[in-house]
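Notes follow once the structure below has been shown.
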Amino acid sequence: MADILIIEDNMELSDLMKDFLQLEGYSVYVASSGEDGLNYLAESAVKLLLLDIMLPGLDGFAVCRIAREKYNLPILIMSARHGDENKIIGLDLGADDYLEKPFSVDLLIAKVKAHLRRSYDMSNTKQLLVEGDMIIDRISMKVYKRNEPLVMTAKEYELLVLLMSNKGKALRKEWLFEQVWGVDSFSEPSTLTVHINKLRDKIENNPKEPRRIITVWGVGYKYETV
């Protein structure tokens, strides 16, 4: 079992990342192809995935889609492809963040720490959060609708916890973004809208006419029990 799985075919880069992450106290496993990485995920518990896009065989976008369908862990995409289009594709496929190559080791470590902290340190005395037919188990970090498990990205999970924990309250977009992505995040504020839409697709009976996550115009969003 490793804390962090790196899927990267550039061995010089992957070895460098592995060395620095191990100095921070993390256990790291490196896979040089998407297929090898998915095989490792199927056999081992991993806390975070660092994923290159340009891989031999199965590319990073395909790996991201498959990993998100099966596992609830933070996924950070790394790519030399710059521009919003690839970022949007990655986010739409379930990635939690996007690192443009070349990036500094300090930035990599800061993002890894932030995602692990937000994903695994969301402790609360209340283990179950229940609103109507929605249930969040904070210990296992699982979400259920009508007792059926829902696949959530780490960011979707955090957003839903915040919204359900503040049922009926209008939460400002800026506050939600700061709580989930952090005040020093390099992500775009529009990322919040993308994740809200993804959440609606998963929990609303009719995402085009949401009744759970309501838009409060000029403010942000609020959660209502159906």
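Given contacts defined as C-alpha pairs under 8 Å and at least six residues apart, what's the relative contact order of the stretch 128-223, whole-number percent? All intermediate terms of the calculation are to be shown ahead of the outcome.
Details: 109 pairs, mean separation 24.4, N = 96.
Value for the stretch 128-223: 25 percent.
If one takes the longest principal axis of the Cα atoms in the chain, at what angle in degrees, from 0 to 90 and to the nearest 10, does the Cα axis of helix 190-203 lie?
Relative to the chain, helix 190-203 is tipped by roughly 70 degrees.
Determine, at each q value in 0.18, 0.19, 0.22 (inverse angstroms), the log₁₀ of I(q)/I(0) that the Debye formula gives when each Cα of the stretch 2-120 is one equal point scatterer.
Log10 of I(q)/I(0), two decimals: -0.87, -0.98, -1.41.
When T191, T153 are ordered from fewest to most other Cβ atoms inside 10 Å of their Cβ, what list results?
Values: T191 20, T153 23.
The fewest-first ordering by Cβ neighbours comes to T191, T153.
Based on alpha-carbon centroids, what's the gap between the stretch 1-50 and the stretch 67-112 in Å, whole number please?
That distance is 14 Å.
By count of other Cβ within 10 Å, fewest leading, how are D52, D201, D96 ordered? Write down the numbers at each step before the final one.
Working: D52 24, D201 12, D96 28.
Ordered from fewest to most neighbouring Cβ atoms within 10 Å, D52, D201, D96 come out as D201, D52, D96.
Which of the aspartates and glutamates could be linked to K101 by a straight reach, that is with a Cα gap under 13 Å, when you skip same-chain ones fewer than 8 residues away?
E8, D52
Dipole of the stretch 128-223, Cα-centred, from +1 at each Lys and Arg C-beta and -1 at each Asp and Glu C-beta, to the nearest 20 debye? Could the numbers behind the result be given before it?
Working: 16 positive and 13 negative charges, 64 e Å.
Charge dipole of the stretch 128-223: 300 debye, to the nearest 20.
How high is the relative contact order of the chain? Use alpha-carbon pairs under 8 Å, at least six apart in sequence, and give a whole percent. If you can, show how the numbers build up before the last one.
Values: 348 pairs, mean separation 30.3, N = 226.
Relative contact order of the chain: 13 percent.
What value, in deg cm²/dmol to 500, does the helix sum -39500 (n - 2.57) over DSSP H runs of n ≥ 4 give at 222 nm once divided by the residues of the chain? Display every interim value, and only then the final one.
Numbers: 8 runs with 94 residues, N = 226.
When only DSSP H runs of four or more count, the value is -13000 deg cm²/dmol.
Can you check how the C-alpha radius of gyration of the stretch 1-42 compares to 2.2 N^0.38 Å, as a plain ratio? Please list the in-between numbers first.
On the way: Rg = 9.9 Å, N = 42, 2.2 N^0.38 = 9.1 Å.
Here the Cα radius of gyration is 1.08 times the empirical estimate.
Within 10 Å of each residue's Cβ, count the other Cβ atoms and sort S32, S27 from fewest upward.
Details: S32 17, S27 13.
Going from least to most buried by this count: S27, S32.
Which is the longest stretch in the chain that no exposed loop site breaks, taking sites as trypsin sites (Lys or Arg not before Pro) with a DSSP loop state and at most 11 other Cβ atoms within 10 Å?
Working: sites that count: K126, R146, K208.
Here the longest segment lacking exposed loop sites spans 1-125.
Taking the structure as given and computing semi-axes √(5λ) of the Cα gyration tensor in Å, which label from [x] 39, 17, 15; [y] 33, 18, 17; [z] 30, 18, 17 fits?
Correct label, based on the coordinates given: [z].
Pick out, from N206, C64, G168, the residue whose Cα sits farthest towards the positive end of the charge dipole of the chain, with +1 on the Cβ of Lys and Arg and -1 on the Cβ of Asp and Glu.
Among N206, C64, G168, the one farthest towards the positive end of the dipole of the chain is G168.
A short reminder: the numbers here are calculations on the coordinates, not readings from a lab. On a predicted model such as this, the values are computed, not experimentally measured, just so you know. Every residue, glycine among them, receives a Cβ derived from its backbone with ideal geometry; neighbour counts consider all protein chains shown.
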